[in-house]
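The block underneath contains the structure these notes are about, expressed in structure tokens.
The values are calculated or read from the model by the stated rules, or taken from the named source; none is laboratory data. These numbers were taken from a predicted model, which means no experiment stands behind them. Virtual Cβ from ideal backbone geometry, glycine too; neighbours counted across all protein chains shown. Note: areas computed on protein heavy atoms with side chains; ligands, DNA, RNA excluded. Shrake-Rupley method; radii C 1.70, N 1.55, O 1.52, S 1.80 Å.
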Amino acid sequence: MDVRTFSVGRNFLVRVEHDSDFVVFLTSVAREQGIAAATFTAVGALKEAKLGFYDQERHVYVATLLAGPQEIASCVGNVSIKEGAPFVHAHAVLADRLGVVRAGHLLAGRVFAAEVHLVELVGEKVERKNDAVTGLSLWAI
Amino acid sequence: MDVRTFSVGRNFLVRVEHDSDFVVFLTSVAREQGIAAATFTAVGALKEAKLGFYDQERHVYVATLLAGPQEIASCVGNVSIKEGAPFVHAHAVLADRLGVVRAGHLLAGRVFAAEVHLVELVGEKVERKNDAVTGLSLWAI
Amino acid sequence: MDVRTFSVGRNFLVRVEHDSDFVVFLTSVAREQGIAAATFTAVGALKEAKLGFYDQERHVYVATLLAGPQEIASCVGNVSIKEGAPFVHAHAVLADRLGVVRAGHLLAGRVFAAEVHLVELVGEKVERKNDAVTGLSLWAI
């Protein structure tokens, strides 16, 4: 079983800075706070976003740029260690002014306003390593 | 950094009452239990819903009424203090019978059945204050 | 008020096995670890999926098969006791290669890669019982 047990560490509420990039900002928080493992949920809105779909056969991300304002209807993700530093992995569901919903891997997102709850997990280090089967960088647990 | 640290308080599982309004019901739970700060996730189904999209230029919510039954495919949100009392902020992703997915700020939702996990966060008070840049009531942290 | 209080038990990060079924795999984890109550969030990707929409009048699930690869843009769910054993209830928001988003009750999903955070809730047993009003098996709390 690929299961690892943790205890809960610090809990953080984060107000992501207006006009910052969501992923870059959360990565900064993780690195400044020394967070090695965590999961998070978030809500809010973006000014624009870039979503990724992973091509499971060609092993590349296909990116879609969403040029206008988006509600962050859902954002779920985690922090773990990749190449020696805290790395943020976020997925999101976004909705635009016309009600069109797009979703996937959140590659980038310029923040209008965002509220994040980050839960630190304390235990053995969780490192991402290249996985040959998927071509992804997955938890080595 | 707009980051605040908390410890985990009480955890609640909530079965939202059939035919109640999701947001009103959760607000009642927060007020009756004296929950000043929390985040939550939920799944379930609604009989009808009202979703909001925030117009980032005009600073107003544009509401869409979804008149029929909806799966709550995702619901993420939080509780903080607004004008002196616990206030629920919820976003949701909904899917109807035809597979049409709508998403955004959950302004209202008449509950068919809903299961909520609410995590109380214990620490300094988190208050919403008017933010001139966005026109929203944001966490003053 | 249909509210029950818990404390946080073990926290698990789970890397779901490639090619396993998401719901079956999480159910195995819950049973092997003796998890009676929990909630979880997950992100990742599926090779194919089956989503359910609950018909609120006829009290049956209508299933939709999604035959190709899907990003798990959001997955929220819980574990409780049904007919004496841990039972997984999962909802998901999925996006395919063309950007089409589908969402609902996750009946089945063949995993490409998936990262789950499972939070054990320790307290009184949470059992699902048949509910005449909805036709669903709901928490008896």
TODO: Relative to the longest principal axis of the C-alpha atoms of chain C, give the angle of the C-alpha long axis of helix C:22-33, reported between 0 and 90° and rounded to the nearest 10°.
DONE: 30 degrees
Open item on the list: Are there any residues in the range C:10-45 with a reduction of at least 40 Å² in accessible surface when going from the isolated chain to the assembly of protein chains? Probe 1.4 Å, please list them by number.
Closed with: C:11, C:13, C:15, C:39, C:41, C:43
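With the Cα gyration tensor of the protein assembly as shown giving a ≥ b ≥ c as the square roots of its eigenvalues, does the rule (a/c under 1.5 for rounded; else a/b larger than b/c for prolate; else oblate) give rounded, prolate or oblate?
Numbers: a/c = 1.11, a/b = 1.00, b/c = 1.11.
Judged from the Cα gyration tensor, the protein assembly as shown comes out rounded (a/c under 1.5).
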TODO: Enter the Cα centre distance for the pair the range C:1-42 and the range B:6-27, rounded to the nearest angstrom.
DONE: 20 Å
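How much accessible area is lost when chains C and A come together, counting both sides, with a 1.4 Å probe, in Å² rounded to the nearest 100? Please list the in-between numbers first.
On the way: alone 8410 and 8390 Å², together 13630 Å².
Counting protein atoms only, the buried area is about 3200 Å².
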- [ ] Give the cross-link partners of residue A:82 among the lysines, using a straight C-alpha distance below 30 Å as the criterion and excluding same-chain residues fewer than 8 apart.
- [x] A:47, A:50, A:125, A:129, C:47
- [ ] Kindly write out, for the range B:37-52 in residue order, the coupling ³J(HN,Hα) from the Karplus curve 6.51 cos²θ - 1.76 cosθ + 1.60 (θ = phi - 60°), rounded to whole Hz, with x marking Gly and Pro.
- [x] 9, 6, 10, 8, 10, 8, 9, x, 8, 10, 7, 6, 8, 10, 9, x
TODO: For the range A:50-141, with all protein chains present and a 1.4 Å probe, just round the carbon and sulfur fraction of the accessible area to a whole percent.
DONE: 53 percent
Open item on the list: Can you list the residues in the range B:50-86 whose accessible area drops by at least 50 Å² when all protein chains are present, compared with the chain alone? Use a 1.4 Å probe, heavy atoms only.
Closed with: B:53, B:56, B:71, B:73, B:76
Task: Residues of chain A: accessible area per residue with a 1.4 Å probe, Å² - done: 37 Å²
- [ ] Kindly write out, for the range C:84-93 in residue order, the coupling ³J(HN,Hα) from the Karplus curve 6.51 cos²θ - 1.76 cosθ + 1.60 (θ = phi - 60°), rounded to whole Hz, with x marking Gly and Pro.
- [x] x, 9, x, 10, 9, 10, 10, 10, 8, 10
Task: DSSP loop GluC sites (Glu not before Pro) with at most 16 other Cβ within 10 Å excluded, longest remaining stretch of chain A - done: A:84-123
- [ ] Within the range B:7-25, find all residues whose amide N lies under 17 Å from a label point positioned 7 Å from the Cα of residue B:65 along Cα-to-beta-carbon.
- [x] B:21-22
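Can you give the calculated 222 nm mean residue ellipticity of chain A, where each DSSP H run of n ≥ 4 adds -39,500 (n - 2.57) and the sum is split over every residue, rounded to the nearest 500 deg cm²/dmol?
Details: 1 runs with 12 residues, N = 141.
Computed mean residue ellipticity for chain A: -2500 deg cm²/dmol.
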Open item on the list: Using amide H atoms built in the peptide plane, which far-off residues or other-chain residues are under 5 Å from residue B:6 H to H?
Closed with: A:11, A:12, A:13
Open item on the list: I'd like the Karplus ³J(HN,Hα) series for the range B:108-121: coefficients 6.51, -1.76, 1.60, θ = phi - 60°, whole numbers in Hz, and an x wherever there's a Gly or Pro.
Closed with: 7, x, 7, 7, 8, 7, 8, 10, 10, 10, 10, 10, 6, 10
Task: 7 Å along Cα→Cβ, label-point gaps from residue C:99 to other copies, nm, shortest first - done: 1.8, 1.8
